[in-house]
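The values are calculated or read from the model by the stated rules, or taken from the named source; none is laboratory data. These numbers were taken from a predicted model, which means no experiment stands behind them. Glycine gets a Cβ as well: all are built from the backbone with ideal geometry, and neighbour counts include every protein chain shown.
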Amino acid sequence: MKPIRKAVIPAAGFGTRLLPATKTVPKEMLPIIDTPVIQLVVEEAVEAGCEEILIIVSRGKSALEDYFDRAFELEAVLQNKGKTDFLEAIRRPAQLAKITFIRQQEMRGLGDAVLLAREFVGDEPFLLLLGDTIVRSDDGQSVARLLVDTYAANQGAVIAVEPVAREFISRYGIVDGAPVPGQTDVFRLNTLIEKPEPEEAPSNLAVCSRYLLTPDVFDYLAETKPGKNGEIQITDALRQSALARPMFARQIHGHRYDAGSKLGYVKANVLLGLQRPDMREQLASFIKELAQTL
Ligand code: UTP
């Protein structure tokens, strides 16, 4: 089995839901406390074993490239002041992995962005992580790592899924699958349905921004015609791939925070703040105090 060494992180979208901030700041650079969303996503890929990462960006998003580069002048200033914690923190992004960038010129959807990774990926399975979404499983395991393990056990592409409330089903790609005997939380996919009405949905398991894909997906993406809003949907290509070879879904027990939405962004800050030893206590008592006034 080929090890999973590569990850692709699409981060080219306009981020309109967070305007006006995203007029000049890419949504992936917005901080969760003090760390940009994109760094948390890169760290998840690295924890899962990836050494090479391609981030797909677009015009106006060069802050991402700068962030994963060295900052010699700032490093010198911090060094002189003896601020070693900050020095380490600003060096870390450039040390995480071999990170490269490619630009999507026209925002023609997630599928179009992923297709730009074809050359980078070559003939290997790869992780695909959306650059504006943070996913945490309750037991602390990296979701990307769970996908790597599921791939190792089944030798097929794996999509992370999570249960969603009935009223939200029509917002997501929903999977139709059957449990794999002997494997908890793993389903063999029959098909995927993009944004079905709740009464037509085969399950309440929604695709949740982490995928482990095989390179055949590029052939299907190249053939996929633009759908809604002129965008190339990755779900369409995945559905084709699932017809040709075994594909799996892995249910996640945890939380997904779409930091590209206003509420998701606030929730991610609160949740990750509560997990940090340097602020957990104070933040928790603030929340309790606040809850009494609501
Ligand atoms: P979203 O639809 O959440 O991102 O795409 P968006 O288009 O930036 O969001 P809004 O609606 O304008 O606020 C999911 C992921 O796909 C990437 C986004 O960057 C995000 O990581 N994406 C989307 C691209 O890379 N290119 C695209 O053309 C569209």
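Please go through (1) free of Cβ contacts under 8 Å to residues at least 24 places away in the same chain; (2) surrounded by 20 or more Cβ atoms within 10 Å (Cβ to Cβ) for T35 and return the number of the only condition it doesn't satisfy.
With respect to (1) free of Cβ contacts under 8 Å to residues at least 24 places away in the same chain; (2) surrounded by 20 or more Cβ atoms within 10 Å (Cβ to Cβ), T35 is out only on (2).
Enumerate the pairs (first residue in the stretch 123-145 and closer than 20 Å to A259 by Cα and assigned to a strand (DSSP E or B); second residue anywhere and of a type in the set (D, E, K, R) and within 16 Å of the ligand (Cβ to nearest atom)) with beta-carbon separation below 7 Å, excluding pairs fewer than 6 apart on the same chain, so at least 6 apart or on different chains.
Within 7 Å, the pairs are L129/E44; L129/R210; T133/R256; T133/D258; V135/R210; V135/R256.
Just for the stretch 11-28: of the residues that are more than 14 Å from A259 (Cα to Cα) and in contact (Cβ under 8 Å) with a residue 12 or more places away in the chain, which one is surrounded by the fewest Cβ atoms within 10 Å (Cβ to Cβ)?
Selected residue: T24.
Has the stretch 112-122 got at least one residue that is touching a Leu at 6+ places or on another chain (Cβ under 9 Å) and part of a loop (DSSP other than H, G, I, E, B)?
Checked the stretch 112-122: at least one residue is touching a Leu at 6+ places or on another chain (Cβ under 9 Å) and part of a loop (DSSP other than H, G, I, E, B).
Find the strands (runs of 3 or more DSSP E) located wholly in the stretch 185-271 whose residues include 1 or more that are under 17 Å from the mean Cα position of the chain (by Cα) and within 16 Å of the ligand (Cβ to nearest atom), and list them.
205-213, 254-258
Checking the condition surrounded by 14 or more Cβ atoms within 10 Å (Cβ to Cβ) and not small (G, A, S), which residue from F248, F168 passes?
F248
If you check L283, L274, which single one turns out to be away from the ligand (no atom under 16 Å from the Cβ), touching a Lys or Arg at 6+ places or on another chain (Cβ under 7 Å) and more than 22 Å from Y172 (Cα to Cα)?
Exactly one of L283, L274 is away from the ligand (no atom under 16 Å from the Cβ), touching a Lys or Arg at 6+ places or on another chain (Cβ under 7 Å) and more than 22 Å from Y172 (Cα to Cα), namely L274.
Can you tell me which residue within the stretch 229-245, out of those that are exposed (fewer than 15 other Cβ atoms within 10 Å of the Cβ) and within 27 Å of I38 (Cα to Cα), is modelled with the lowest pLDDT?
Among those that are exposed (fewer than 15 other Cβ atoms within 10 Å of the Cβ) and within 27 Å of I38 (Cα to Cα), it is N229.
Restricted to the stretch 117-160, and to residues that are within 16 Å of the ligand (Cβ to nearest atom) and of a type in the set (V, I, T), which residue is nearest to P3 (Cα to Cα)?
Selected residue: V121.
Taking the stretch 161-206 as the region of interest, how many residues are farther than 25 Å from A7 by Cβ and in contact (Cβ under 8 Å) with a residue 60 or more places away in the chain?
Matching residues across the stretch 161-206 total 1.
Given the condition acidic (D, E) and touching a Leu at 6+ places or on another chain (Cβ under 7 Å), answer yes or no: does some residue in the stretch 38-46 qualify?
Checked the stretch 38-46: at least one residue is acidic (D, E) and touching a Leu at 6+ places or on another chain (Cβ under 7 Å).
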